[in-house]
Amino acid sequence: MSVQHIIEPFARCDLTLTVDEGRRFRLSFDYEGSAFTKPNIMLLAEQYLAMISDIISL
C-alpha cells in the first residue's frame with residue numbers, strides 16, 4: 001500500500017484509489033493534502049483492506 005499526495009496539480013478528484021492485482025495486490029491512494037490528512041488516508045486504507053478481507057472470507 002502506498003499513500004502519497006496527488007502529484008498532478010490539476011487532478012480531477014481529491015482522492016484516487018488505484019488497485020493493481022499483479023503478482024502482489026497493491027493499493028495506491030493519491031490524495032489532495034488540503035482535503036485529507038495522511039492519518040485519514042491510512043485509516044481509510046485499513047478499513048478498505050478489512051472490507052476486502054471480509055468479502056474474501058465469505
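Summary of values
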{"read-out": "Residues of the stretch 32-57 with amide N under 16 Å of a point placed 7 Å along Cα→Cβ from Thr18", "value": "32"}
{"read-out": "Nitroxide proxy distance, nm - points 7 Å out along Cα→Cβ at Ser28 and Met42", "value": "2.1 nm"}
{"read-out": "For Thr18, net neighbour charge (Lys/Arg +1, Asp/Glu -1) across residues whose Cβ lies under 10 Å away", "value": "-1"}
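Quick note: the coordinates plus some simple rules give every number you see, no bench work behind them. Please read these numbers as outputs of a predicted model, since none were measured by experiment. A quick note on method: Cβ atoms are made from the backbone with ideal geometry, for glycine too, and the neighbour counts reach across all protein chains shown.
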